[in-house]
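What follows is a set of notes on a single structure, which appears directly below.
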Amino acid sequence: MFVSLQFKLELKKEDKEKLIKLIRKQSSAIRVAYNMLKELEKEKTKNPHAQIYHRLRQLFPELPTKYIDSAIYKAKQYPTDKPVVFGSKGLFEKLCKNHLSGKAREKLKKQWRELRQGTLIGIGSKHRTAQGNLLLRFMELDGKLHLRISTGNREFIYAKVLREPSNSKDKWITFMAMLLESWQTKNYFPYTVELKLRDGEVYGNVSF
């Protein structure tokens, strides 16, 4: 069974600024990975992952290596047989038409920039040391659910997770039960977390 659930994060101002910088770096890495993937497919290159990984390590030396692997994973989800506009083709076309001005145009530009530069993804892992997700890990802190966000060099941001079950059948209840059991038994399960910027706030999606 594959389940995908949404949630929102609450962060301190300084932590949000750090997170946004990290989000923008990985978003750039995703775009570079995608463009390289298209070119390497044309050349029918064997093992393109290794070449893309090496190049991203050169371009983004400050980005933790697991974020680079996750960026390549995300890039592979986009079609390579047709043009892809990062940031929404519809918003891009509206901006190009130049019929808006002032606050309306700035709002549209902000939306486009958030979509283009607003993705951070951490792929789930079965490995015991990853505890479900090495980069973006759910954990309990002061009796509340938090997301531990790795920023590299063994440094982390702890963001409070804002999510309540909408009804008794909400799969969030199942996810919470699975998390609690994994913490108690040390028998972890992989879950992938993707964060998105929207209207200046950080939202998340967890898939398991």
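Quick look at the values:
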{"read-out": "Looking only at region 159-201, and only at residues there that are in contact with a strand residue (DSSP E or B) (Cβ under 9 Å, 6 or more places away or on another chain) and small (Gly, Ala, Ser), the one that is surrounded by the fewest Cβ atoms within 10 Å (Cβ to Cβ)", "value": "182"}
{"read-out": "Qualifying residues in region 57-84 (those that are closer than 20 Å to residue 136 by Cα and hydrophobic (A, V, I, L, M, F, W, C)) - the one surrounded by the most Cβ atoms within 10 Å (Cβ to Cβ)", "value": "71"}
{"read-out": "Members of region 121-148 found to be outside any loop (DSSP other than H, G, I, E, B), of a type in the set (S, T, N, Q) and either buried (at least 19 other Cβ atoms within 10 Å of the Cβ) or in contact with a Leu (Cβ under 8 Å, 6 or more places away or on another chain) (or both), listed by number", "value": "125"}
{"read-out": "Top-ranked residue in region 170-200 [being modelled with pLDDT of 95 or more and in a strand (DSSP E or B); ranked as farthest from the chain's Cα centre (by Cα)]", "value": "192"}
{"read-out": "Criterion: of a type in the set (Lys, Arg), modelled with pLDDT under 90 and surrounded by 15 or more Cβ atoms within 10 Å (Cβ to Cβ) - qualifying residue of 89, 94", "value": "94"}
{"read-out": "Test: residue 15 is under 15 Å from residue 202 (Cα atoms), out of contact with any Leu (no Cβ under 7 Å at 6 or more places or on another chain) and assigned to a helix (DSSP H, G or I)", "value": "yes"}
{"read-out": "Tally of residues being of a type in the set (Lys, Arg), surrounded by 14 or more Cβ atoms within 10 Å (Cβ to Cβ) and free of Cβ contacts under 8 Å to residues at least 40 places away in the same chain across region 38-56", "value": "1"}
{"read-out": "Condition check for residue 147: out of contact with any Gly (no Cβ under 8 Å at 6 or more places or on another chain) and aliphatic (A, V, I, L, M)", "value": "no"}
{"read-out": "Among (1) under 16 Å from the mean Cα position of the chain (by Cα); (2) closer than 30 Å to residue 171 by Cα, the one test that residue 2 misses", "value": "(1)"}
{"read-out": "Residue check for residue 35: on the phi > 0 side of the Ramachandran plot and either touching a Phe, Trp or Tyr at 6+ places or on another chain (Cβ under 6 Å) or polar (S, T, N, Q) (or both)", "value": "no"}
{"read-out": "Cβ-Cβ under 7 Å pairs, at least 6 apart or on other chains, region 58-81 side farther than 18 Å from residue 130 by Cα and without any contact (Cβ under 8 Å) to a residue 60 or more places away in the chain, far side assigned to a loop (DSSP other than H, G, I, E, B) and not acidic (Asp, Glu)", "value": "78/84"}
{"read-out": "Checklist (1) in a helix (DSSP H, G or I); (2) under 14 Å from the mean Cα position of the chain (by Cα); (3) at pLDDT 70 or above applied to residue 151, failing item", "value": "(1)"}
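One line per residue, one yes/no per condition, for (1) touching an Asp or Glu at 6+ places or on another chain (Cβ under 7 Å); (2) β-branched (Val, Ile, Thr); (3) within 26 Å of residue 71 (Cα to Cα):
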| position | (1), (2), (3) |
| --- | --- |
| 155 | no, no, yes |
| 160 | yes, no, yes |
| 168 | no, no, no |
| 173 | no, yes, no |
| 184 | no, no, no |
| 191 | no, no, yes |
| 196 | no, no, yes |
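The values are calculated or read from the model by the stated rules, or taken from the named source; none is laboratory data. Bear in mind that the values here come from a model prediction, so they are computed numbers and not experimental data. We place every Cβ from the backbone using ideal geometry, glycine too, and count neighbours over all the protein chains shown.
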